[in-house]
Amino acid sequence: MSEPLLSVRDLVKDFPVKGGLFGREIDQVHAIDHVSFDIGAGQTLGLVGESGCGKSSTGRCILRLIEPTAGEIWFAGRNVTAMLGDELLALRRDMQIIFQDPYASLNPRMTVGSIIGEALIIHRLARDRREFTDRIVELLETVGLGPDHMLRYPHEFSGGQRQRIGIARALAVSPKLIVCDEPVSALDVSIQAQVINLLEDLQDRLGLTYLFIAHDLAVVQHISTRVAVMYLGRIVETASSAELYARPLHPYTEALLSAVPNPSPRAKRHRLHLEGDVPNPIRPPSGCHFHTRCPIRQLPLCSTEKPVLKETSDGHWVACHLRG
């Protein structure tokens, strides 16, 4: 791959746990544990894993919506983690986010036009009222809505339409990278396909780069160039989309894929049932985080030594003592 648009290196994020009479820090949630990946311009990285594994925190750290504990984030050759003030504000034009919940992410007291146009005002991208209005109409039409929607409020729209408004808001500043934070998980299945098709069409037309976060491997299969599987703050496997779905190596990836419904009534797929629940991220298991639920674990190796990502074939990386 040529020089990546986005590079994440050894990203760490710990959230304080406070308690006691004076609300002092008594522990930490280890949300992201030394995560690294690259995304090339015009490509999509699907970041997949169960709820609570650190996917959304990763996306928010990249945008500096929350501050990383350690590590570096590089965007177009610039160190995002070192930016402050006006430099960070200017970066917002290049990096945007589509939030998971289309009901909570839109201000119910603002019209659709005001929601989409807010970024145009902040970044001074419209010279006058007419240019401001024309740009909002253009953005609405780009996502499949009409000019008459501009003066309406979010409660007047369906979930799928609200997410289209969220997409239009993200597109307002003509970004290069969009973090899609589970953008279809709150929508009906039929609407999910429409939104994903819209995102793919926008990527082709505008040359967008996506970090597409999801908990369902089926959702990211067709939109992703590469897929990274995350478990309890660590990336356990990454490969091209075609390679990962055809030849998963990590037992956790196999379990996630076994849960994906197959549309063919004749197809038979063995469902892999994992033991127990996801461990507490405050005190994650030693060694391989997945060893407490892994069907092929080998003790004491898996419980004492942390596996590192190793390249098993061209572009296919896995963090597993027994599959590396």
Vicinal HN-Hα couplings computed from phi for the range 185-199 (Karplus, 6.51 cos²θ - 1.76 cosθ + 1.60; Hz; Gly/Pro x):
5, 8, 10, 4, 4, 5, 6, 4, 4, 5, 5, 5, 4, 5, 4
Estimate the FRET efficiency between Leu151 and Leu322 by the formula 1/(1 + (r/R0)^6), using the beta-carbon distance for r and 51 Å for R0, to the nearest 0.05.
0.25
So which residue, out of Met150, Met230, Met110, gets the largest mean-square fluctuation from a GNM of the chain using Cα contacts under 10 Å as springs?
Met110
In sequence order, what are the phi-derived ³J(HN,Hα) couplings for the range 295-304 according to the Karplus relation 6.51 cos²θ - 1.76 cosθ + 1.60 with θ = phi - 60°, rounded to whole Hz, with x for glycine and proline?
x, 10, 4, 10, 9, x, 3, 5, 8, 10
Compute the Cα gyration tensor for the range 172-231, then decide on rounded, prolate or oblate, letting a ≥ b ≥ c be the square roots of its eigenvalues: rounded whenever a/c is under 1.5, prolate when a/b is larger than b/c in the other cases, and oblate in all that remain.
oblate
Could you list His149, His34 in order of exposure, starting from the residue whose Cβ has the fewest other Cβ atoms within 10 Å?
His34, His149
To the nearest 20 debye, what is the magnitude of the charge dipole of the chain about its Cα centre, counting +1 on the Cβ of each Lys and Arg and -1 on the Cβ of each Asp and Glu?
320 debye
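Mind counting lysine pairs for me in the chain? Cα separation below 22 Å, and the two need to be 8 or more apart along the chain or on different chains.
5
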Return the sequence-ordered ³J(HN,Hα) values of the range 10-22 in whole Hz as given by the Karplus equation 6.51 cos²θ - 1.76 cosθ + 1.60 applied to θ = phi - 60°, using x for Gly and Pro.
6, 6, 10, 9, 10, 9, x, 10, 10, x, x, 5, 9
From the helices alone, meaning DSSP H stretches of at least four residues, give me the mean residue ellipticity at 222 nm for the chain, per-run term -39500 (n - 2.57), in deg cm²/dmol to the nearest 500.
-8000 deg cm²/dmol
The relative contact order of the chain, taking Cα pairs under 8 Å that sit 6 or more residues apart, comes to a percentage of 20 percent
Please report, for the Cα atoms of the range 98-145, the Rg to one decimal and the Dmax as a whole number; what are they, in angstrom?
11.5, 32
His273-Phe132 pseudo-label distance in nm [points 7 Å out on the Cα-to-Cβ vector]
6.0 nm
For the range 168-324, compute Rg over Rh where Rg is the Cα radius of gyration and Rh is the Kirkwood radius from the inverse mean 1/r over Cα pairs.
1.00
Got a sec? Charge dipole of the range 175-324, +1 on Cβ for Lys and Arg, -1 for Asp and Glu; which of Leu256, Leu187, Leu272 is way out at the positive end?
Leu272
Rounded, prolate or oblate, given the Cα gyration tensor of the range 53-110, with a/c below 1.5 counting as rounded?
oblate
Under the classification rounded if a/c is under 1.5, otherwise prolate if a/b is larger than b/c and oblate if not, where does the range 68-219 fall, given a ≥ b ≥ c as square roots of the Cα gyration tensor eigenvalues?
oblate
Per the Cα gyration tensor, the range 1-96 corresponds to an equivalent ellipsoid with semi-axes, largest first in Å, of 27, 17, 11
Ordering 306-313, 139-146, 162-169 by per-residue average of other C-beta atoms within 10 angstrom, highest first, gives 162-169, 139-146, 306-313
Taking 315-322, 247-254 and ranking on average Cβ neighbours within 10 Å, highest first, one gets 247-254, 315-322
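Each reported figure results from applying straightforward, stated rules to the coordinates on display, with no laboratory input. As the structure is a computational prediction, the values presented were derived from the model and not from experiment. With ideal geometry, Cβ positions are generated from the backbone for all residues, glycine too; neighbour counts draw on all protein chains shown.
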